[in-house]
Amino acid sequence: MHRLIAPTRILRPRVFSSARLHRHLHHDHGTSTVNAAEIAHFSRLSSLWWDEHGEFAMLHRMNPHRVDFVRAKLREVGLEEEGEGWAAARGARVLSGLDVLDVGCGGGILTESLTRLGARTLAVDASESNVAIASLHAAADPHLASSMADGALEYRHTSSEVLAQEAKRFDVVCSMEVIEHVDNPAAFLRSCAELVKPGGHLILSTISRTPLAYLTTILFAEDLLRLVAPGTHTYAKFINPSELVDFFHREGWIARVEPTRREAEVRGMVYLPWKGDWALVPRGFRSSVAETNYLFWVRKPATSL
Amino acid sequence: MSLKRVASGSTSRVLKQTRLLPSRIHRYYSTPTSSNAPEDSDVVIVGGGPAGLALASALGSSDAVKQNLKITLVEFGDLEKVRGWNMPSDAFSNRVSSLTNVSQNFLEEIGAWDLVDEGRTCGLEEMKVWDGISDARIDFNAATLGLGSSMTAGNQMARLTENLNLQRGLLRHLDQHTNVSLLDNTKVDSIHHDGNDADGWPAVHLSNGKVLRARLLVGADGFNSPVRSYAGIESYGWNYPTHAIVATLQHAPRSLQPNTTAYQRFLPTGPIAFLPLSPTASSLVWSTRPALAAALKQTDPLVLVRMINAAFRLPEVSLRYLHDRILEASTAGAPLTPSEITDEIAWRERAHDIHEYSAYASASVDPVSVNIGIPPEGAELLPPLVENIQPGTVASFPLRFNHAEAYVGEGRGARTVLVGDAAHTIHPLAGQGLNLGLGDAECLARCITGAVQRGGDIGSHTALLPYARERYFENHKMMSAVDKLHKLYASTAPPVVWARSVGVEVLNELDALKAGVMASAGAGPGPGRGDASWGMAASGVEALVGGARVVTAVRDGVRAVGVGALQQLAQSLAGRSR
Ligand SMILES: Cc1cc2nc3c(=O)[nH]c(=O)nc-3n(C[C@H](O)[C@H](O)[C@H](O)COP(=O)(O)OP(=O)(O)OC[C@H]3O[C@@H](n4cnc5c(N)ncnc54)[C@H](O)[C@@H]3O)c2cc1C
């Protein structure tokens, strides 16, 4: 029986209650709901971001599969729209030169991978210490340090809500293991969606609200096995794939409630304890898809609505 | 560590550093300009032996790696000598390995096999293995077992290849790939942790004064691995009370069959193996007591020739007597002459009723005329009679069992990984040493390529974990099978001899089981791991030898060995004898 663990990312826009932190913040904060308790919880964990054996081991192991999903979707769409020639010329470097936004970057686990694959990456997080840790970690890597120097990699302490008020839009917006920690998912999703260029991609990963998810993620992973720190997840905040589909249907990104493969896709992700690794659930496994952890891809229509 | 300090330490410091980002911080890490300042390399491979060269070759041939990584290989020795290695077509180096079909397919896939001189290699079509005491036999035949590789028209279970031929091919292959720089005649003097936190990179200090900072440091640096010491990885093991004698053997071509069969006889002192290289040359690997190995190395080569022929033919009790004679004479400072040893052997043959027309006669006959004349009955059960030893090819080396406790370094030893003999040293009786190293190289190259394609940090534990998972257990299985086999055959106790003989003879009758056994040992056609047939074969053999196991357990100390080793026996013998 597999344990499905949702490692966590930190995110969260919004207001820091700490006065000391406030002194150093110059931007204005989003208006959506704040969850100071969650921010405090993750700030405590921040030192462990890059300990691959620690709290975030599960997340480190999950990361390659998330990157696979991002690459696969970009390649699939590119192949369909630009043809074989495009695919041959791009080879494996489908992200090269694209403007990519990582919302809720945490310690920068996904961000660093996206940057290595050639994306021009902006990574934001609502926890200032996360941003500090992510920046320091990238600066210690000569390749990423030069990306930072020439502007191909930037970390900012801000929220998607604040960013959405700026003019810049992105080819790809990623927000992994974030939405389940947000108090107002609809506002959060709307700001992420806003940041995607027409014809661009939005990719999320999260945990669905099923009894299995409760069992594996909260009961086993947090309470019993202590694989992730207790308090990491709140069951009520888990979001089901159908709710995401429904949201983007109402936003006008998806024409019908049953989205076509070109509009949106949901892929389950399972942890296989005997392999010590995650795996993407193969396509066509409808029933088991998204029982707990899943990835969600949706495409913004090329013509604005 | 400082990362943690930043995170858990004073908030004000965190914030201060945040404000510095990214421009100020970048300066500390930008590429230094002074000449002996560290130079960054994504992969630094220490060691240009077969494992290191194969890894560099595999990385050099991967497009993803080529576009993204800078690779440096450091070797103490002179690789120019390997590149320029040349031998007449009828002479052979004494370091020969039996490459499994899986190893060959890997070399073919990376494009290196084309650059190995295949004319100097020899496909192994058959193996004959027997018990030194009971004479119980097991035969592996590639044709009847349906084995073969994609690159050979015929059937082969392995291919005997000189190590230098392989290394030269790998170097020629590397010459085509510019993202790999080779630094030979260069020693790694020391390795230090760069920086004072867990995130620091290994800094490799070279004898030419240069310092290389490695994103990933690969220890392909052999048994005494400096990388393993730096990484703080313990290894455990022991020396066998055994040395291996190697030599290139010369003999007349056989009249009725090609020289494509390997022979291995398990003597209580260790196995003696005969590996075909050409119609008139073969390679010897004879594992025996260190004192005997030393004495044999010093005798007249013709004495060694006589002893090799006898070792495949005489009953074990007579071999023991001959070994004592050699040792006595050598200790007395009056080594036996060729004619003395010939007389001794002839005398033993008469004592055992071995007549000169018997295939088991070696001293009382002229080897040349036996090899090229009409062979006596049963000659195919034995290797051809050796006539000479190629001058300068007799050497011996100690045998040991050693396995690192981990393949990937952690903590302050992070960003390190071990391949080949640096990770494991194995008894050569099953010919797995080099194949394990090539398997490591294949797997690590695949793992690094995968990490690059997914934007991973190739030095991170996450990127290296699949390598450790895949190889550690694989290697451990093979190593302990070979070790058990060595111990099982070192016994002369009747119940053990009986049990292992029955097991082997029963196994010998079942081609399907043998095919499964061979496939799982790398002789199968493809690089398919975990062949399903093995499961079947294993349980079949398990059931068959179940009875024998009871007998084995009779003797204390042998219990640990178990007849389960018989199942592994065949597996480890498959396709190699070294
Ligand atoms: C004497 C001997 C005879 C053998 N004969 C056989 C045989 O006949 N058949 C068989 O199958 N197997 C044989 N083996 C085992 C077989 O050679 C090994 O399994 C195989 O060579 C392992 O390859 P490798 O690349 O892992 O290590 P090695 O071949 O040991 O290569 C390690 C390399 O690292 C280099 N190195 C080490 N330290 C440093 C340093 N500080 N700086 C720079 N370079 C360094 C060394 O110069 C060496 O070239 C023999 C082993 C030995 C020692």
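The values are calculated or read from the model by the stated rules, or taken from the named source; none is laboratory data. The structure displayed is predicted, hence computed values, not measured ones. Note: ideal-geometry Cβ built from the backbone for every residue, glycine included; neighbour counts use all protein chains shown. Each accessible area value is taken on the protein alone, full model and side chains, heavy atoms only, with ligands, DNA and RNA left out. Shrake-Rupley method; radii C 1.70, N 1.55, O 1.52, S 1.80 Å.
Worth a mention:
- Matching strands (runs of 3 or more DSSP E) fully within the stretch A:80-185 where at least 2 residues are in contact with a Lys or Arg (Cβ under 9 Å, 6 or more places away or on another chain) and open to solvent by less than 20 Å² (accessible area, probe 1.4 Å): A:99-103, A:120-125, A:170-176
- Failed condition for B:Val102, given (1) hydrophobic (A, V, I, L, M, F, W, C); (2) open to solvent by 40 Å² or more (accessible area, probe 1.4 Å); (3) touching a strand residue (DSSP E or B) at 6+ places or on another chain (Cβ under 9 Å): (3)
- Of all residues in the stretch B:220-231, those that are buried (at least 21 other Cβ atoms within 10 Å of the Cβ) and more than 9 Å from the ligand (Cβ to nearest atom) total 3.
- Single unsatisfied condition, A:His60 versus (1) modelled with pLDDT under 80; (2) open to solvent by less than 40 Å² (accessible area, probe 1.4 Å): (1)
- Condition met for B:Ser339 (open to solvent by 20 Å² or more (accessible area, probe 1.4 Å) and out of contact with any Cys (no Cβ under 8 Å at 6 or more places or on another chain)): yes
- Within the stretch B:75-93, the set of residues being farther than 18 Å from B:Ala54 by Cα and within 14 Å of the ligand (Cβ to nearest atom) comprises B:Phe92, B:Ser93.
- Within the stretch B:42-66, residues that are under 15 Å from B:Gly459 (Cβ atoms) sit with their Cβ atoms under 8 Å from residues that are near the ligand (Cβ under 7 Å from one of its atoms) and in a helix (DSSP H, G or I), at 6+ positions apart or across chains, in these pairs: B:Ile45/B:Gly52; B:Val46/B:Gly52; B:Val46/B:Pro226.
- Close pairs (7 angstrom Cβ cut-off, 6 or more residues apart or separate chains): more than 13 Å from A:Ala264 (Cβ to Cβ) in the stretch A:280-301, among the hydroxyl-bearing types (Ser, Thr, Tyr) and at pLDDT below 85 anywhere: A:Val281/A:Ser288; A:Glu291/A:Ser208; A:Glu291/A:Thr210; A:Thr292/A:Ser208; A:Thr292/A:Thr210; A:Thr292/A:Thr216; A:Thr292/A:Thr217
- Only listed residue being open to solvent by 10 Å² or more (accessible area, probe 1.4 Å), without any contact (Cβ under 8 Å) to a residue 60 or more places away in the chain and not assigned by TED's automatic domain parsing to the domain that holds B:Phe312, chosen from B:His177, B:His205: B:His205
- The number of residues in the stretch A:119-148 being more than 9 Å from every other protein chain (Cβ to nearest Cβ) and either under 15 Å from A:Ser159 (Cβ atoms) or out of contact with any helix residue (DSSP H, G or I) (no Cβ under 7 Å at 6 or more places or on another chain) (or both) comes to 8.
- As for the stretch B:127-146, it holds no residue that is within 16 Å of the ligand (Cβ to nearest atom) and among the polar types (S, T, N, Q).
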